[in-house]
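The values are calculated or read from the model by the stated rules, or taken from the named source; none is laboratory data. Quick caveat, the model's predicted, so the values are computed rather than measured. FYI the Cβ positions are ideal-geometry reconstructions off the backbone, even for glycines, and counts take in every protein chain you see. In case anyone asks, the SASA skips ligands and DNA or RNA and just uses the protein heavy atoms, side chains included. Shrake-Rupley method; radii C 1.70, N 1.55, O 1.52, S 1.80 Å.
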Amino acid sequence: MQWSFVLLVCYDPRKTFIRLRQPQTPHPPNHEKDQHLEKDKPIYIEEPYPNTLLPRIPWVLTLLVSLRLSKWKTGHPSHDRHQPIPPLSRTAFCTHALLLALQSYLILDTTSLLTQSDPYFHITDTSITTPLPPQLTLPLPPTLHHLLIHHKLPPRLLRTTILALQPYALITQGGSLPTLPILLLNALHLWPTEWSPHTWPIFFGTLAAVPQRGLRGLWGTWWHQTNRYLSVPGRSFARWIGLERKSARAGPWARR
């Protein structure tokens, strides 16, 4: 519903959006230097809003599932200069999704074990700085068990880390496991390739962006960008009431 509002009210896709899609048959090289291009480098053609009805149907349906607007030019240079984003192969994406799902499962399992023995998560009047219980009968690695028993880890640090890791693991698992059945359908030619998750950017970016760019890297590169364009109404409203995009009064949603 919100995505439809963005496309119908905040944007004018029929005038400004251009779909980047691969042709059905590869283009032959037009001149000699094309022969030196990488064989696996995909070729894209630009497709504005079609004039006739039948081509409009896949154009519009593809736009509706493109929440991150990958392989679309929107008329905004900051977005368009990064398009199209090189896709992964099905095998590479599947491997990434399986490893991410396994990591998320291990995080959820380990943090669940810790919360079961920590009174902070069960007794309402327990302070976050309350020392950890002296006996933890948990099947944890010896090093981690030693750190917990001898209180080498500050209780506040451990508990806030648990509270941060659990939603992260739930979100990453939710962004990886549901893609696997779609990849299978695509491999069986039962799902369009352009609607397959392996042609979109991976759910989370590289963690190296955090030490390089700080909070901007954490929020703008590493964290998932599924809701990036759902914040367009905030920017549109700020612009409508006359607030500058980078002003403090416009707020973070209007500056994204």
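Annotations for the structure displayed:
- Count of region 91-120 residues which are farther than 18 Å from PRO167 by Cα and either open to solvent by less than 40 Å² (accessible area, probe 1.4 Å) or without any contact (Cβ under 8 Å) to a residue 24 or more places away in the chain (or both): 6
- In region 3-18, the residues that are surrounded by 12 or more Cβ atoms within 10 Å (Cβ to Cβ) form Cβ pairs under 7 Å with partners that are in a helix (DSSP H, G or I) and of a type in the set (Gly, Ala, Ser), at six or more places apart or across chains, as follows: CYS10/SER236.
- In region 59-79, the residues that are of a type outside the set (A, V, I, L, M), open to solvent by 30 Å² or more (accessible area, probe 1.4 Å) and free of Cβ contacts under 8 Å to residues at least 40 places away in the same chain: HIS76, PRO77, SER78
- Among the residues of region 149-171, some residue qualifies, meaning at least one is in a helix (DSSP H, G or I) and either within 26 Å of LEU20 (Cβ to Cβ) or modelled with pLDDT under 80 (or both).
- Checked against (1) under 18 Å from the mean Cα position of the chain (by Cα); (2) outside any helix (DSSP H, G or I); (3) at pLDDT 85 or above, ARG68 passes all but condition (3).
- Qualifying positions in region 196-215 - open to solvent by 60 Å² or more (accessible area, probe 1.4 Å) and either in contact with a helix residue (DSSP H, G or I) (Cβ under 8 Å, 6 or more places away or on another chain) or assigned to a helix (DSSP H, G or I) (or both): THR206, LEU207, PRO211, GLN212, ARG213, LEU215
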